[in-house]
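The values are calculated or read from the model by the stated rules, or taken from the named source; none is laboratory data. What you see is a predicted model, and the numbers here were worked out from it, not measured in a lab. Cβ: placed from backbone, ideal geometry, glycine included. Neighbour counts: every protein chain shown. Protein only, heavy atoms only, side chains kept; ligands, DNA and RNA dropped before computing areas. Shrake-Rupley method; radii C 1.70, N 1.55, O 1.52, S 1.80 Å.
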Amino acid sequence: LSFAFGPKPLFQGLDLRLMPGESYALWGPGGSGKSTLLRIVAGLLPAAGGSLRVLDTEIFSAYQRVLQNLRARLGLVFQEGALISNMSIFDNIALPLRYHTGAGEAEVARRVGGLMATLGLDREADRSLPALATARVRKLAAIARALILEPALLLCDEPTAGLEEVSASRVVETLKEYQKKSGAALLLATLDASLAASLASRLGILGKDGILGEGPPREILA
């Protein structure tokens, strides 16, 4: 893959394969393209060149309807959360479930409530709008929203940034347990070396010439 902002290349010659059940951490300085790559994989940004196949779908040639169906199998955690401002915390988490499935409200309440409990989200936050919620609640809600459809591929951009130690540990354990149970793949973008070492089986250093080196996280970081 290659990507550019106008005439300025961000990265080029990027080559990456991620298998089911595998965890891969993208590591590199701010502005190296980690967040951009996650958005390309999710079909939210076009690449400048190359090819991309996600869950048996050729992203760049797929019809919009096919991409829409594919997104039901992806879970994306944006670094800034990206919650919908005029929806409550509960409704933000429930949105993919209501949009992509025919689940009734009892099932929606059961699944959303279960995830909130797993992540340590206080149910008193249910009806809060994102602007009135703490940064911790917004971040955990974004993670819950990404997991609610039990995706085959998780794309996580700094999923523990801004969280205190207890909440960050809970997120790491939740993601690990989910992967173990589901066999989902995880693509993680982070500057946090300890998070990369905790979650990923492989780590790749991203630079303007693509993946500059990859291997076991502790080995690469050392």
Expressed in angstrom and rounded, the centroid-to-centroid distance over alpha carbons for the stretch 61-130 and the stretch 143-162 is 10
Note, L149: beta-carbon cut-off 13 Å, +1 each Lys/Arg, -1 each Asp/Glu, net +3
Restricting to Cα pairs under 8 Å and 6 or more apart, the percent relative contact order of the stretch 49-143 works out to 34
Per residue, the convex hull enclosing the Cα atoms of the chain spans a volume in Å³ of 126
Between I84 and D209, the FRET efficiency computed from the C-beta separation at R0 = 41 Å comes out, to the nearest 0.05, as 0.65
Along the stretch 202-212, Karplus-curve 3J(HN,Hα) (6.51, -1.76, 1.60; θ = phi - 60°) to the nearest Hz, with x for Gly and Pro, reads 9, 10, x, 8, 8, x, 5, 9, x, 7, 7
Most fluctuating of R111, R138, R17 in the GNM of the chain (C-alpha, under 10 Å) is R17
Counting only DSSP beta bridges fully inside the chain, the antiparallel percentage to nearest 5 is 40
Expressed as a whole-number percentage, the relative contact order of the chain with C-alpha contacts under 8 angstrom and at least six residues apart is 32
Once the in-chain neighbours fewer than 8 apart are removed, the lysines whose Cα is under 29 Å from K180 read K34, K139
Output row, site E107, 7 Å Cα→C-beta label point, backbone N cut-off 18 Å, window the stretch 149-169, residues 149-152
Taking Cα atoms only, helix 89-100 is inclined relative to the longest principal axis of the chain by an angle, in degrees rounded to 10, of 70
The relative contact order of the stretch 104-222, taking Cα pairs under 8 Å that sit 6 or more residues apart, comes to a percentage of 19
Applied in sequence order to the stretch 4-10, the curve 6.51 cos²θ - 1.76 cosθ + 1.60 (Karplus, θ = phi - 60°) yields integer Hz couplings, x standing for Gly and Pro, of 9, 9, x, x, 9, x, 8
For S2 and D122, extending 7 Å from Cα along the Cα-Cβ vector and measuring point to point gives, in nm, a value of 5.2
Checking A161, A200, A117 against a Gaussian network model of the chain (alpha-carbon springs below 10 Å), the top fluctuating residue turns out to be A117
Expressed per residue, the solvent accessible area of the stretch 87-222 in Å² (1.4 Å probe) is about 45
Put I89, I84 in order of accessible area, largest first, probe 1.4 Å, and you get I84, I89
Taking every other residue with Cβ under 14 Å from the Cβ of P96 and scoring Lys and Arg +1, Asp and Glu -1, one gets +2
Asserting the computed 222 nm helical MRE of the chain (DSSP H runs at least 4 long, -39500 (n - 2.57) per run, divided by residue count, to nearest 500) equals -11500 deg cm²/dmol
In whole Hz, the Karplus estimates of ³J(HN,Hα) for the stretch 70-76 (6.51, -1.76, 1.60; θ = phi - 60°; x where Gly or Pro) are 4, 5, 5, 9, 10, x, 10
So for R0 = 30 Å, FRET eff. of E150-Y63 from the Cβ-Cβ r, to 0.05, ends up at 0.75
